[in-house]
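Written out below as structure tokens is the structure these notes cover.
The values are calculated or read from the model by the stated rules, or taken from the named source; none is laboratory data. All values derive from a computational prediction rather than experimental measurement. Cβ atoms come from the backbone with ideal geometry, glycine included; neighbour counts cover every protein chain shown.
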Amino acid sequence: MSRLTIYRDDAPDSPILRTEDPVAMAAELGAIGVRFERWESPVTLSPEDDAETILAAYKPYLDTLMGTTGAGSADVIKLTPDHPQAAPLRAKFINEHSHTEDEVRFFVHGSGNFVLHLNGRIYDAHCTAGDLISVPANIRHWFDAGERPFFTALRIFTDTSGWVPHFTGDDISARFPAA
């Protein structure tokens, strides 16, 4: 189930808010400019489906979404515990960074945490299958799917060069493990 946990950025052991209500999540995240939606998709796919099958199944949704965001490309990222690069990818994603474009993700399978650092607060958005999250450009954040990751997500990009992080060098993600 999707969940949002909010902390002060100096108090990792004291949540200010914890909710699993998608309407409340959308409102809290919307207040900081982050788009969060739950999609009830008629598309049924297997975790074994390849990227081309997933992109084709979601093409009508992607066309609409890319039109509203001005995005130029989409791809699929899949990460499983047995992926040979699971640990190095986690190490890269878990470091606080920002992007010069919005980071848009739709979870097809599994789950992961987008953790945002903004205005003295930490917003830990645990996203699950059916969740769409769009983190605006220049918001500091990190992503963690845990030591045994399992997720498939559509990634949408404006810049066709894809995922380009700008790491902050702050170790805050070590102080705020994903909830």
Review point. So is residue 76 within 11 Å of residue 154 (Cα to Cα), touching a helix residue (DSSP H, G or I) at 6+ places or on another chain (Cβ under 7 Å) and of a type in the set (A, V, I, L, M) or not?
Key: yes
**Study point:** Top-ranked residue of segment 155-172 - restricted to ones that are in contact with a strand residue (DSSP E or B) (Cβ under 8 Å, 6 or more places away or on another chain) and of a type in the set (Ser, Thr, Tyr), ranked as surrounded by the fewest Cβ atoms within 10 Å (Cβ to Cβ)
**Key:** 160
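Matching residues to (1) crowded, with 21+ Cβ neighbours inside 10 Å; (2) modelled with pLDDT of 90 or more; (3) closer than 24 Å to residue 12 by Cα:
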{"residue": "95", "(1), (2), (3)": "no, yes, yes"}
{"residue": "111", "(1), (2), (3)": "no, yes, yes"}
{"residue": "122", "(1), (2), (3)": "yes, yes, yes"}
{"residue": "129", "(1), (2), (3)": "no, yes, no"}
{"residue": "137", "(1), (2), (3)": "no, yes, no"}
{"residue": "150", "(1), (2), (3)": "no, yes, no"}
{"residue": "153", "(1), (2), (3)": "yes, yes, no"}
{"residue": "178", "(1), (2), (3)": "no, no, yes"}
Review point. Hey, does segment 77-84 have a residue that's of a type in the set (A, V, I, L, M, F, W, C) and within 26 Å of residue 168 (Cβ to Cβ)?
Key: yes
Point to revise | Residues located in segment 22-37, provided they are within 14 Å of the chain's Cα centre (by Cα) and among the β-branched types (Val, Ile, Thr) | key: 34
Practice item. Please give the number of the condition residue 141 fails out of (1) within 24 Å of residue 18 (Cα to Cα); (2) surrounded by fewer than 17 Cβ atoms within 10 Å (Cβ to Cβ); (3) free of Cβ contacts under 8 Å to residues at least 60 places away in the same chain. Key: (2)
Check your understanding: Does segment 28-47 contain any residue that is touching a residue at least 12 places away in the same chain (Cβ under 8 Å), over 24 Å from residue 118 (Cβ atoms), aliphatic (A, V, I, L, M) and surrounded by 14 or more Cβ atoms within 10 Å (Cβ to Cβ)?
Key -> yes
Check your understanding: If you scan segment 62-88, which residues turn out to be assigned to a helix (DSSP H, G or I), crowded, with 16+ Cβ neighbours inside 10 Å and modelled with pLDDT under 90?
Key -> 62, 65, 66, 69
